[in-house]
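Worksheet for the structure shown next.
The values are calculated or read from the model by the stated rules, or taken from the named source; none is laboratory data. Everything numeric in this text was worked out from a predicted model, so none of it was measured. FYI the Cβ positions are ideal-geometry reconstructions off the backbone, even for glycines, and counts take in every protein chain you see. With ligands, DNA and RNA removed, areas are computed over all heavy atoms of the protein, side chains included. Shrake-Rupley method; radii C 1.70, N 1.55, O 1.52, S 1.80 Å.
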Amino acid sequence: MAAPPEDLAAHYRAQGYWIDETFADFVADRTTRFAGRTALVGVDAHGRPHRLTYAALADAASVASARLGAAGVVPGDRVVLALPNVIELVVVVLGCFRMGVVPVFAQPAHREHELSQFCAIADAAAVVVSGDTDGHDQLALVERVAADLRGRGLVPPAVIDVQGWSGSPGPPDTPGGQVRTSAGAGSVALLQLSGGTTGVAKLIPRTHADYLYSVRASAEICGLDEESVLLVVLPAAHNFAMSSPGILGALHTGGTVVLARDPSPRTSFRLIADERVTLTSLVPPLAQAWISSARRRMPDLSSLEVIQVGGARLSDAVATEIGPVLGARVQQVFGMAEGLVNYTRLDDPDELALTTQGRPISPDDEIRVVDPDSPDEAEVAPGAEGALLTRGPYTIRGYYGVETDAFTADGFYRTGDLVRRLPTGHLVVTGRVKDQINRGGEKVATEEIEGPLLAHPEVLDAVALGLPDPYLGERICVVVRTEREERAGQELARELADHLRAAGLATYKLPDQFEFLDTFPVTPVGKNSRRELRQLLVTRLQES
Ligand code: AMP
Ligand code: DBH
């Protein structure tokens, strides 16, 4: 978790990127400044609707701090949040911030495999869930996590169930005011999650100063102000939904955050019309679903000014349809929880807005496009495709609690993305160098699927691949080599899917497709060749 050298840090401060404000200051200041305005609209963990002013949000956050305190959580502790898009999520995040507790932004779709890792790496004091989430028993889930941790000689976290919060909340710890903590703006404020490229979940330490800079600058680039109404359709804890400009960007400017409990076009369209939503953020498959639904329903989307699309590559064709069909300007967002976020600007010509993934937030985001095969990572010719390395005022220089080879000696993050850089500074994402599947914006490390499959008695070898999919961008295909060829097919596929579910893999990581082969193509050193396997499958699919 290396800090930048002092000269760079001094430069970031001199430029006004890093200021002294902490998230505790942020909560106290914005909830006071915008006290009477509407901060948050959504349903609670029981599905009951709420509309909170900034003042009411401050009170609710203060009660949440008290509840964390009652569960034994103290300033400086890490708390894993795995909540759906309910108002308690925002309330608990602010509750953590005001008392100097570090939230770990997990997802309700995470299962024991992931949650155990996050709890173990973060040494979490508590995990916050919503008892029964969309038919899944989160309490039973965290019990399995606790058993796993105990089995590894670790102390399991306290369990906090926001569905149990309907009774008396107990007195706020320090009503109105914030809890004083000594940690400054340079300390870790929150832990985001990496999509995971090696199978080991990585936690991303973001400081008050760096994250708040990205939030302020994002809010400005996206034109947010007190009148802005942001609809959150994506999982709210995801870096995109939280900070680009996201929930924190809207709260920074005194705008309103509207949470969609589910991502269906029906729910979103109703909220857009009822709340006069001005901005929302989607991944490409959702943008496509909205387009086809809007063609049939003719919803009232007249208040929408901007639709952001990011998380995975938006095809130029779909980008072109967004304006005419949904009646809003498209803004492409190419970001990563590790830091760097690129936006197309609202005044960019269509040619850039529809075909590029934007340019960096900051003039001090340093970009290197290098030859991925050159040992010294030499930069490619201007405009040529290469691997993207980046360093800057809000990009991490190391993961939390682990050493990795993801950073260069001089502090650049190896993003694993292949890009081309245009003379305007805009980046076009052309692919990836890392073994990761991007399923409609959900990042899945191939190893996370392959590992458990290899443990199955009938699997000799298994390779997970992202295959092109018109809806998801990439879908997960698993190619399996098995001894019992006569069983290969539907029956074995079902058994392997059950096996992965039993291994505790998140639902979105389950394969969309199984293929069975008796031999795998290999590279000269005898490794499975993902590239050739992919070609083989694409040819197979074309022929079938
Ligand atoms: P994560 O590490 O989970 O935060 O995911 C970040 C990764 O998502 C990036 O490194 C890219 O691979 C991918 N990504 C995000 N936004 C875009 C986009 N607009 N176009 C293409 N890929 C994207
Ligand atoms: O995919 C991402 O991680 C992402 C996409 C858009 C992101 O972290 C962001 C914007 O901040």
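Details
- Restricting the GluC sites (Glu not before Pro) of the stretch 449-544 to loop positions (DSSP other than H, G, I, E, B) with no more than 16 neighbouring Cβ atoms within 10 Å leaves Glu458, Glu483.
- Surface composition of the stretch 23-183: carbon and sulfur atoms hold 55% of the protein heavy-atom accessible area at a 1.4 Å probe.
- Normalised per residue, the accessible area of the chain is 40 Å², obtained with a 1.4 Å probe and no contribution from ligands, DNA or RNA.
- Our note on the geometry: Cα centres of the stretch 207-223 and the stretch 386-448, 20 Å apart.
- Accessible surface of the stretch 364-432, 1.4 Å probe, proportion on carbon and sulfur as whole %: 48
- Cα-only Debye scattering, the chain: base-10 log of I(q)/I(0) at q = 0.08 Å⁻¹: -0.52
- Accessible-area order (highest first, 1.4 angstrom probe) of the listed residues Met298, Met99: Met298, Met99
- Shape of the stretch 436-543, Cα gyration tensor, a/c cut at 1.5: rounded
- Taking all Cα pairs closer than 8 Å and separated by 6 or more residues, the relative contact order of the stretch 436-543 comes to 24 percent.
- Interchain or long-range residues, amide H under 5 Å from Ser529's placed H: Val522, Thr523
- Positive contributions from Lys and Arg (+1) and negative ones from Asp and Glu (-1), summed over other residues with Cβ under 12 Å from the Cβ of Asp225, come out at -3.
- Sum of side-chain charges, Ser374 neighbourhood, beta-carbon under 14 Å (Lys, Arg +1; Asp, Glu -1): -4
- Under 15 Å, Cβ to Cβ, from Val330 - net charge with Lys/Arg +1 and Asp/Glu -1: -4
- Fraction of accessible area attributable to carbon and sulfur, the stretch 436-543 (%, probe 1.4 Å): 50
- DSSP bridge orientation in the chain - percent antiparallel, rounded to nearest 5: 60
- Close amide-amide hydrogen proximity is noted between Val459 and no other residue 5 or more places distant or on a separate chain, at a cut-off under 5 Å (H modeled in the peptide plane; Pro and chain starts excluded).
- Centre-to-centre separation between the Cα atoms of the stretch 261-279 and those of the stretch 317-354: 20 Å.
- Mean residue ellipticity (222 nm) of the chain, computed from DSSP H runs ≥ 4 via -39,500 (n - 2.57), nearest 500: -10000 deg cm²/dmol
- Each of the peptides 349-359, 374-384 was scored by the mean count of other Cβ atoms within 10 Å over its residues; in descending order, highest first, they stand as 349-359, 374-384.
- Evaluated at q = 0.13, 0.19, 0.20 Å⁻¹, the base-10 log of the normalised Debye intensity for the stretch 23-183, with identical point scatterers placed on the Cα atoms, takes the values -0.58, -1.19, -1.29.
- Per-residue ³J(HN,Hα) for the stretch 350-364, Karplus 6.51 cos²θ - 1.76 cosθ + 1.60, θ = phi - 60°, Hz, x for Gly and Pro: 3, 3, 7, 5, 9, 10, 10, 9, x, 10, x, 4, 10, x, 9
- In terms of overall dimensions, the C-alpha atoms belonging to the stretch 364-432 reach 37, 26, 20 Å along their principal axes, ordered largest to smallest.
- Protection-proxy order for peptides 245-253, 499-507, each taking the mean of Cβ atoms within 10 Å per residue, highest first: 245-253, 499-507
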